[in-house]
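Read-outs: derived from the displayed coordinates by stated rules, not from any lab. No experiment lies behind these values; they were computed from the predicted model shown. Glycine gets a Cβ as well: all are built from the backbone with ideal geometry, and neighbour counts include every protein chain shown.
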Amino acid sequence: MELLYKSTRGGQSGVRASQAILQGLAGDGGLFVPETIPALTLPLEVLSGMSYRETAYEVMKLFFTDFTEEELKHCILSAYDEKFDTEVIAPLVKADKAYYLELFHGATIAFKDMALSILPHLMTTSAKKNEVKNEIVILTATSGDTGKAALAGFADVPGTKIIVFYPKNGVSQIQEKQMVTQKGDNTLVVGIHGNFDDAQSGVKAIFGDRELQEKLQKAGYQFSSANSINIGRLVPQIVYYVYAYGKLLENCELTKGEKMNVVVPTGNFGNILAAYYAKQMGVPIGKLICASNENKVLYDFFRTGEYNRNRPFLLTSSPSMDILISSNLERLLYQIAGADAGKDKELMEALASEGKYEITAAMKERLEDFCGYYATEEETAETISDLYGETGYVIDTHTAVAACAFRKYSADTNDQTKTVIASTASPYKFTRSVMEAIDKEKYKSMEDLALVDELSAISGTEVPKAIEEIRTAPVRHKTVCEVKDMKKTVLAFLKAE
Ligand SMILES: *Cc1c(COP(=O)(O)O)cnc(C)c1O
């Protein structure tokens, strides 16, 4: 049976998966959601014996129903291969009463690789299926990790170009170096004078610019998005929650039907939404604990039912979560409003005009699976240092926000449910913050790349290839622009002025 997609704002329906992947954002500015969330067709005991790739196929075939078995398997095999430094793709590490689901073993050592290593294949397959002749231009705003993962995925993929905007002063030194050294003639990396929300709003404005799209159409281009609003990113993220449950079952850490909680360090709300979808597919997930840094819009939202972005934007040591507008929340709102596109539109309009909205009491009741916690900068550093001191296990700043949320949740509730913490980045990606959390006096005067060797020594882990590469790679991208000139920059790169 074919699963079709519709916009959360009601303007589009009956859309095939491949079309939704190509389009990214719906024409009315909404996000594509599946008409229903499919249930797993195999029992979890069977899934538990499967490899990551096999699990990926079992999950994705339920969502991408217009892909043939051959097409989908080809996408999966091309994505989850030697680019990952471990056969199991997403290992689970037990430390301090929780299971850390390490989602950072791909090419750019952050969890974005889990979806962005497959998205280019899903997209080029979708283009073929729909007889698209235009070149596809991926336009992406990044808070640091999406950008590099998307660049790595799309570099030199025939029939595509990719343009990435990042906040010039809002990413870590290593994140920036990773991006500006990107190879591939079809790539462009641009620093903007603004924060991530400015970059994201700028990209959304370009997507919504009809005149511009017509101009590009004539020049043989069409836009798509690699941001986490693309359904082609969301669905691959469901896989690792199914896989994690299966592995815990296989290793007898869980018994059949036993619940697991998940804690997700959250920014744009894509990763945790994938866990929520996994739950609805039949994975016995209990609580979904949404962990925020000091930009705690979501924490406030889950406590009060009011979403309010009118507050200072803080730069923290977990920059990939420095976000005040969590785009994927719109999919959850739509669902808890009872698939009411009118309500969703009303809330999104309020967010655009007043920077806030409040959900109804009935909607709030449907949020009972979720709870929000946040970690201050100090608590984040303390968590890294404590966990290292107690277990020798070193986690990055984003994962530490989640680990701290888990500690707070456990202290508040005494809930003994087994818990999986989404470990979203390698500590090597945020070496400075991690090392200073462990010993500020000792490490504060050392260079980032020297700290990398220290980290390797204290953690007993090998320096990942992604870091070794940037030590010597030349800078290839030097473009910087104002937020208001983003459109101009795009046109210049495409030579479509
Ligand atoms: C993107 C990112 C997050 C936030 O994930 P969302 O899906 O946007 O909520 C958390 N940690 C890291 C390391 C990331 O790169």
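A few comments on the model shown:
- Note on region 367-396: among residues that are within 16 Å of the ligand (Cβ to nearest atom) and assigned to a loop (DSSP other than H, G, I, E, B), the one that is farthest from VAL262 (Cα to Cα) is VAL394.
- Single match in THR181, THR160, THR140, THR108 (criterion: of a type in the set (Ser, Thr, Tyr) and closer than 30 Å to LEU387 by Cα): THR108
- Residue within region 34-42 that is touching a helix residue (DSSP H, G or I) at 6+ places or on another chain (Cβ under 6 Å) and polar (S, T, N, Q) present: no
- Taking the criterion of being assigned to a helix (DSSP H, G or I) and either of a type in the set (A, V, I, L, M) or within 19 Å of LYS161 (Cα to Cα) (or both), the only residue of region 473-484 that qualifies is VAL483.
- Among the residues of region 394-414, the one identified as surrounded by fewer than 19 Cβ atoms within 10 Å (Cβ to Cβ) and in contact (Cβ under 8 Å) with a residue 40 or more places away in the chain is SER410.
Condition check ((1) touching a strand residue (DSSP E or B) at 6+ places or on another chain (Cβ under 7 Å); (2) not basic (Lys, Arg)) across all residues:
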| site | (1), (2) |
| --- | --- |
| THR383 | no, yes |
| PHE430 | no, yes |
| THR472 | no, yes |
| VAL480 | yes, yes |
| LYS488 | no, no |
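- Identity of the residue in region 254-270, loosely packed, with under 15 Cβ neighbours inside 10 Å and not basic (Lys, Arg), that ends up farthest from the ligand (Cβ to nearest atom): THR255
- Of the strands (runs of 3 or more DSSP E) contained entirely in region 1-111, those carrying at least 3 residues that are within 18 Å of TYR243 (Cα to Cα) fall at 92-95, 98-102.
- The C-beta contact set for region 356-367 (first residue over 18 Å from ASN308 (Cβ atoms), second residue of a type outside the set (Ser, Thr, Tyr) and surrounded by 15 or more Cβ atoms within 10 Å (Cβ to Cβ), distance under 7 angstrom, 6+ apart or interchain) comprises ARG366/ILE336.
- Candidates VAL239, VAL263, VAL235, filtered to the one that is closer than 25 Å to SER327 by Cβ and more than 14 Å from the chain's Cα centre (by Cα): VAL263
- Consider region 98-116 and keep the residues that are crowded, with 24+ Cβ neighbours inside 10 Å and not hydrophobic (A, V, I, L, M, F, W, C). The one that is farthest from the ligand (Cβ to nearest atom) is GLY106.
- The set of residues in region 440-479 being exposed (fewer than 13 other Cβ atoms within 10 Å of the Cβ), in contact (Cβ under 8 Å) with a residue 60 or more places away in the chain and more than 16 Å from THR187 (Cβ to Cβ) consists of GLY460, LYS465.
- Answer residue from region 290-332, given it is away from the ligand (no atom under 16 Å from the Cβ) and over 22 Å from ASP369 (Cα atoms) and is surrounded by the fewest Cβ atoms within 10 Å (Cβ to Cβ) among those: PRO312
Every residue, every condition in (1) within 14 Å of the ligand (Cβ to nearest atom); (2) within 25 Å of LYS495 (Cβ to Cβ); (3) in contact with a Pro (Cβ under 8 Å, 6 or more places away or on another chain); (4) of a type in the set (S, T, N, Q), yes or no:
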site	(1), (2), (3), (4)
LEU77	no, no, no, no
GLU87	no, no, no, no
THR140	yes, yes, no, yes
VAL157	no, yes, yes, no
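- In the set ASN310, ASN268, ASN295, only one residue is closer than 30 Å to VAL15 by Cα and either of a type in the set (Asp, Glu) or assigned to a loop (DSSP other than H, G, I, E, B) (or both); that residue is ASN268.
- Test: LYS287 is away from the ligand (no atom under 12 Å from the Cβ), among the charged types (D, E, K, R) and farther than 24 Å from ALA411 by Cβ: no
- Close pairs from region 254-281: first closer than 17 Å to ASP145 by Cβ and of a type in the set (Ser, Thr, Tyr), partner within 16 Å of the ligand (Cβ to nearest atom) and not in a loop (DSSP other than H, G, I, E, B), Cβ under 7 Å, at least 6 apart: THR266/ILE272; THR266/CYS290; THR266/ALA291; THR266/SER292; THR266/LEU298; THR266/MET321
- Only residues that are among the charged types (D, E, K, R), surrounded by fewer than 24 Cβ atoms within 10 Å (Cβ to Cβ) and outside any strand (DSSP E or B) were counted across region 137-194, and they come to 6.
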